[in-house]
Amino acid sequence: MTRPRRRISEGRQAIYYVGIAMTGIGLLTVMSVFVTGAMNAGDFSDFDNKMRSSAIRAVIGFILFMGGAFVQKIGARGVAGSGLVLDPQRARQDVEPWARMGGGLLKDALDEADVDLSRAKDMSDAQAEDFEEKLRKLHRLHADGILTDEEFAREKREVLDRI
C-alpha cells in the first residue's frame with residue numbers, strides 16, 4: 001500500500017503561486033485599460049496609437065488572467081486532477097491531500113455533532129453478515145406476500161435501529 005500523501009509538493013506549490021501572480025498581473029493590465037481610458041476621456045489626440053495600445057494591453061491582460069487561473073488550477077490539483085491529463089487513478093493521487101482534508105473536516109463536523117461512529121466500526125463481520133441476512137429475509141418475506149408493507153417497514157426499521 002502506498003503511503004498517504006498529506007502535503008502538496010513544493011513544485012506544485014510554486015506553480016500555484018506563479019498562477020496567482022499571472023492572474024494578478026493580468027487583472028492589473030486589463031484594469032489599466034479602463035484607468036487610461038478614464039484619464040484620457042475627451043482627448044482624441046493620437047487616438048489610433050492610444051486605442052492600439054489599449055487593445056494590446058486588454059488582450060495580453062486577458063490572456064495572462066485566464067492563463068494564470070489555469071496554471072493556478074494545475075498547481076492546486078496537479079496535472080491529472082485539473083483535467084489536463086485524463087487518468088482517473090493519477091487524478092486521485094493528485095487530489096489526495098484535498099480529499100484527506102475534506103475527510104478531516106467531515107470528521108470534525110461529526111465530532112461536533114456528537115455522532116458516534118465507533119459502533120459501526122466495532123461491528124464484527126459476523127454481525128454485518130447477520131444484519132444483511134436479516135434484511136434479505138425480510139425482503140423475501142415481503143416479496144412473497146407474507147409481510148404487508150407496514151409490517152415490512154416496521155421490521156426493517158427495527159433491524160436498522162439495532163445498528
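The values are calculated or read from the model by the stated rules, or taken from the named source; none is laboratory data. Given the structure is predicted, the values throughout are model-derived calculations rather than measurements. For neighbour counting, all protein chains shown are included, and Cβ atoms are generated from backbone atoms with ideal geometry for every residue, glycine included.
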From Gly26, Gly67, Gly78, grab the single residue that is in contact with a helix residue (DSSP H, G or I) (Cβ under 8 Å, 6 or more places away or on another chain), on the phi > 0 side of the Ramachandran plot and part of a helix (DSSP H, G or I). Gly78
Every residue in region 119-161 that is modelled with pLDDT under 75 and exposed (fewer than 10 other Cβ atoms within 10 Å of the Cβ), please. Arg119, Ala120, Lys121, Asp122, Ser124, Asp125, Ala126
With respect to Asp111, determine if the residue is under 23 Å from the mean Cα position of the chain (by Cα), closer than 30 Å to Arg162 by Cα, at pLDDT below 85 and surrounded by fewer than 15 Cβ atoms within 10 Å (Cβ to Cβ). yes
Of all residues making up region 38-52, the number that are assigned to a helix (DSSP H, G or I), loosely packed, with under 14 Cβ neighbours inside 10 Å and not aliphatic (A, V, I, L, M): 4
Among the residues of region 78-85, is there at least one that is more than 22 Å from the chain's Cα centre (by Cα) and surrounded by 13 or more Cβ atoms within 10 Å (Cβ to Cβ)? no
List, please: which pairs have Cβ atoms under 6 Å, are six or more places apart or on different chains, and start with a residue in region 10-28 that is in the same structural domain as Val71 (by TED's automatic domain parsing) and end with one that is of a type in the set (Phe, Trp, Tyr) and modelled with pLDDT of 95 or more? Thr23/Phe65; Gly26/Phe65; Leu27/Phe65
Search result, residues across region 8-38 that are closer than 17 Å to Ile63 by Cα and small (Gly, Ala, Ser): Gly19, Ala21, Gly24, Gly26, Ser32
